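Trainee: Could you have a look at this structure, given as structure tokens, before my questions?
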There are 2 protein chains.
Amino acid sequence: MNESDLLARIYARSAGLSRFAQVVAGPGHDCAVVDAGADGGGSRLLLKVDQVVMGRHVRPGTPVDLIGRKAVARAVSDIAAAGGRPLAALAGAVVPSAFDADGLFDAVFQWAAHWGCPLVGGDISGGSEMAVSIAVVGLPHATRGPVLRSGARPGDEVWVTGRLGGSYDAATGLGRHLTFEPRLAEAAWLCDALGEGLRAMMDLSDGLGRDAARLARASGVRVRVEAGTLPSHEGVDWRRAMRDGEDYELLFVVGAGASERWRRTAEAAGGRTPTGVPLTRIGRMEAGQGACVVEFDGRDEDASEWGWEHGE
Amino acid sequence: MNESDLLARIYARSAGLSRFAQVVAGPGHDCAVVDAGADGGGSRLLLKVDQVVMGRHVRPGTPVDLIGRKAVARAVSDIAAAGGRPLAALAGAVVPSAFDADGLFDAVFQWAAHWGCPLVGGDISGGSEMAVSIAVVGLPHATRGPVLRSGARPGDEVWVTGRLGGSYDAATGLGRHLTFEPRLAEAAWLCDALGEGLRAMMDLSDGLGRDAARLARASGVRVRVEAGTLPSHEGVDWRRAMRDGEDYELLFVVGAGASERWRRTAEAAGGRTPTGVPLTRIGRMEAGQGACVVEFDGRDEDASEWGWEHGE
């Protein structure tokens, strides 16, 4: 079973979650949203789990600090994509006897603290293959609330932070997929600046084509990307920029009503976030059925499956 | 590195957690306690992660429903031990291609829902060895608040729910370690009935000797168990009752000032919880340094290392 099959299965079952009053948003967004308010003040939580498995997400020989870093950063990036801030982290790890468990623990501990979600619990087990699973609890933006994938409407504009592609160096197994910076500050700034004008957001982990199609599907629209606008890393053409995974940049949707104001804001900021990360408009939302279409030289191509399929 | 070494390391580092205002209780209790109040109503959360790894916690050939059940039940049992109720669950799973990923997902989904913590997110990866990591978020008891391991004082009484020992059938690999019922209702009833008189609590996963010593250590006391009082399963002598792991019963401490009232309550209830689980006083707390002493035929033995050491 690959991840899409599993996701399909989760979605099919998610209907069953509706009997739980605490589930505000279940699987199908970057984070689940849960209401912890029954005993408290109606506070909402963002919940996310991600894994790093040896031979799948990292190669043997990858420095253990970067393994721990990536495991934490993946989940933190999803909290960012929901506009939130990390609160606390938990780690489950399977560690072969020859592996540097100590160093892995130190890395997870330090990186979790670095991004503001102290490691408050963990479970470790022996095993034949290193795998580390990081769960992060976060709090949504205080005024905007949780940003989901499902709020995009036809006519909205599609933007992206940073540059795309080439995150994984096939020769060494190293690269930005190990050292990316989760876009926490940038997402918070977008929430501040756009408020409800920030209609939907996600982080790009599996390639723009595939991920944008997922957001479009969650919103019941179609996304059109203009190939010529794509901000890519040096030496990366637009097709690779759409196919490469693990950019962990933010794909975000600005409501049609907010787009004029937003363009002025972005221009006034020199086309960058206050942290210096480029902001680029790459397309728009149209009426349609959950696909990603890329437009190049006046021709359309369906890019909905351009990207990386987990479990393949 | 075995689990005790890792725990020692976590404790040593936990001092570093004090700079995070949200950490109410870090590693060293059954659950971490985190304050989500900055943006909400001061609500506290219980956080816990546990794993089930093939060949370590379950044998090859164990029915997949029982694997999923155990993975969820282990974490839920810790939420119970903190007096809480489960709110939501996350799952990270590594699944070899020949393994029934579908069945595992179904089991985790259903058992999480069964115990009130719907599965709201997950991550699945291929790999050579099945491992499933379950993180559960819970809410503390509304009036008693989170119950920790650290509240016991000399003179307090030590009680246990249910019966001990023989949870793992060495011939088949099956047994109660796969089918135990997390003591959610019982823990809630204890919080209701005892309030602040419930000084400390934990679930018994690694053997009474080792676990009771951990609670004593967290409280800065010594625990004395009377061997003759131990409620054990049929065919289990008192030494095995103290050494066998995976009972997932509650070990709880009743404050000296509440003990008279509590004994009357327990007697009036026929020595059982309203759910029919036996309640047994097995010892008391004394001044001392984090050890578990068992008294048999007037002799004392140090039982602080009687039990199961992870990672051995």
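What follows draws every value from the coordinates through simple rules; no lab data is involved. Quick caveat: nothing in here was measured; it's all calculated off a predicted structure. In this analysis, Cβ positions are derived from the backbone assuming ideal geometry, glycine residues included, and neighbour counts consider all displayed protein chains.
Trainee: Using the Karplus equation 6.51 cos²θ - 1.76 cosθ + 1.60 (θ = phi - 60°), what ³J(HN,Hα) coupling, rounded to whole Hz, does each residue of the stretch A:23-35 give in order, writing x for Gly and Pro?
Mentor: Ordered by residue, 3J(HN,Hα) equals 8, 7, 9, x, x, x, 10, 5, 10, 7, 10, 10, 8 Hz.
Trainee: With the label 7 angstrom out along Cα to Cβ, how close does B:Arg299 come to the same site in each of the other copies, in nm, nearest first?
Mentor: Inter-copy label distances (nm, one decimal, shortest first): 8.9.
Trainee: In the stretch B:179-257, which GluC sites (Glu not before Pro) are in a loop and have at most 16 other Cβ atoms within 10 Å, using DSSP for the loop call?
Mentor: For GluC sites (Glu not before Pro) across the stretch B:179-257 that sit outside H, G, I, E and B with at most 16 neighbouring Cβ atoms in 10 Å, the list reads B:Glu234.
Trainee: Could you tell me what % of all Cα pairs in the stretch A:87-189 have separations over 20 Å?
Mentor: Counting pairs separated by more than 20 Å, the tail of P(r) holds 59 percent.
Trainee: Using 1/(1 + (r/R0)^6) with R0 = 30 angstrom and r between the beta carbons of B:Asp169 and A:Arg56, what's the FRET efficiency to the nearest 0.05?
Mentor: Once rounded, the FRET efficiency stands at 0.30.
Trainee: If you don't mind, there's one more thing I want to ask. Before rounding to the nearest 500, sum -39500 (n - 2.57) across all DSSP H runs of length at least 4 in the protein assembly as shown and divide by the residue total; then give [θ] at 222 nm in deg cm²/dmol.
Mentor: Helix-only estimate at 222 nm: -8500 deg cm²/dmol.
Trainee: Just how far, in whole angstrom, is the stretch B:234-312 from the stretch A:43-80 if you go by their alpha carbon centroids?
Mentor: Using only Cα atoms to place each centre, the spacing works out to 40 Å.
Trainee: While we're here: For the protein assembly as shown, give the share of DSSP beta bridges that are antiparallel, in percent and rounded to the nearest 5; count only bridges with both residues there.
Mentor: Counting only bridges with both partners in the protein assembly as shown, antiparallel ones make up about 75 percent.
Trainee: Under 10 °C and 1.306 mPa s, how fast does chain A diffuse according to Stokes-Einstein, given a Kirkwood radius computed over C-alpha pairs? Answer in µm²/s, whole number.
Mentor: Translational D for this selection: 80 µm²/s.
Trainee: Could you pull out every residue, at least 5 positions away or on a different chain, whose amide H is within less than 5 Å of the one on A:Ser304? Hs are placed 1.01 Å off N in the peptide plane, and Pro or chain starts have none.
Mentor: A:Cys292
Trainee: Quote the convex hull volume per residue of the stretch B:17-139, based on C-alpha atoms, as a whole number of Å³.
Mentor: Roughly 113 Å³ of hull volume per residue.
Trainee: Using the Cα centre as the reference, give the magnitude of the dipole from point charges on the C-beta atoms of the protein assembly as shown (Lys, Arg: +1; Asp, Glu: -1; all else neutral), rounded to the nearest 20 debye.
Mentor: Dipole magnitude for the protein assembly as shown comes out near 1380 debye.
Trainee: For chain A, set up a GNM with springs between Cα atoms under 10 Å and report which of A:Gly175, A:Gly151, A:Gly26 has the largest fluctuation.
Mentor: Residue with maximal mean-square fluctuation among A:Gly175, A:Gly151, A:Gly26: A:Gly175.
Trainee: Among B:Asp106, B:Asp169, B:Asp302, determine the one that fluctuates most according to a GNM of chain B built with springs between C-alpha atoms less than 10 Å apart.
Mentor: Result: B:Asp169 has the largest fluctuation of those listed.
Trainee: Across peptide A:242-253, how many C-beta atoms of other chains are within 10 Å of each residue C-beta, on average?
Mentor: For peptide A:242-253, the averaged partner shielding equals 0.
Trainee: In debye to the nearest 20, how big a dipole does chain A give about its Cα centre with +1 on each Lys and Arg Cβ and -1 on each Asp and Glu Cβ?
Mentor: Once rounded to the nearest 20, the dipole reads 760 debye.
Trainee: Hey, can you grab everything whose amide H is under 5 Å from the amide H of A:Val221? Only 5+ residues off in sequence or another chain; H modelled, so Pro and N-termini drop out.
Mentor: Sorted by chain and number, the residues that satisfy this are A:Gly290.
Trainee: Starting from the 7 Å offset along Cα-to-Cβ, what nm value, one decimal, do you get for the label separation of A:Ala21 and B:Ala142?
Mentor: 1.0
Trainee: Quickly work out the A:Arg299-to-B:Ser150 label distance, labels modelled 7 Å from Cα along the C-beta direction, and quote it in nm with one decimal.
Mentor: Going by the 7 Å Cα→Cβ label model, 6.7 nm.
Trainee: A further question on this structure: Once phi is turned into θ = phi - 60°, what whole-Hz ³J(HN,Hα) does the Karplus curve with 6.51, -1.76 and 1.60 give for every residue of the stretch B:229-236, x standing for Gly and Pro?
Mentor: 9, 5, x, 10, 6, 4, x, 10
Trainee: For chain A, modelled as a GNM with alpha-carbon contacts under 10 angstrom, which of A:Thr280, A:Thr179, A:Thr143 fluctuates the most?
Mentor: Most flexible of the set in this elastic network: A:Thr143.
Trainee: From the label point of B:Asp100, set 7 Å from Cα along Cα→Cβ, how far away are the matching label points in the other copies, in nm, ordered shortest to longest?
Mentor: From this label point to the equivalent ones elsewhere in the assembly: 4.1 nm.
Trainee: 7 Å along Cα→Cβ for the label point: how many nanometres lie between B:Thr143 and each equivalent label in the other copies, listed shortest first?
Mentor: Taking the point 7 Å beyond Cα along Cα→Cβ, the inter-copy spacings are 4.1 nm.
Trainee: Karplus couplings for the stretch B:122-130 from phi (6.51 cos²θ - 1.76 cosθ + 1.60, θ = phi - 60°), rounded to Hz, Gly and Pro as x?
Mentor: x, 9, 10, 9, x, x, 8, 9, 5
Trainee: To make sure I understand, if each residue's beta carbon is the centre and we count other beta carbons within 10 Å, what order do B:Asp203, B:Asp123 fall in, fewest to most?
Mentor: B:Asp123, B:Asp203
Trainee: Taking the Cα centre of each part, how many Å lie between the stretch B:130-207 and the stretch A:213-227?
Mentor: About 47 Å separates the Cα centre of the stretch B:130-207 from the one of the stretch A:213-227.
Trainee: Here is a follow-up. What is the set of long-range amide H partners of A:Arg199 at a cut-off below 5 Å, with H atoms built 1.01 Å from backbone N?
Mentor: Residues meeting the amide H criterion: A:Val253, A:Val254, A:Gly255.
Trainee: Taking every pair of alpha-carbon atoms in the protein assembly as shown, what share in percent sits in each 10 Å bin, from 0 to the bin with the longest distance?
Mentor: 3, 17, 27, 25, 15, 8, 4, 1, 0, 0
Trainee: How well do other chains shield peptide B:83-93, expressed as the mean number of their Cβ atoms within 10 Å of each residue Cβ?
Mentor: 6
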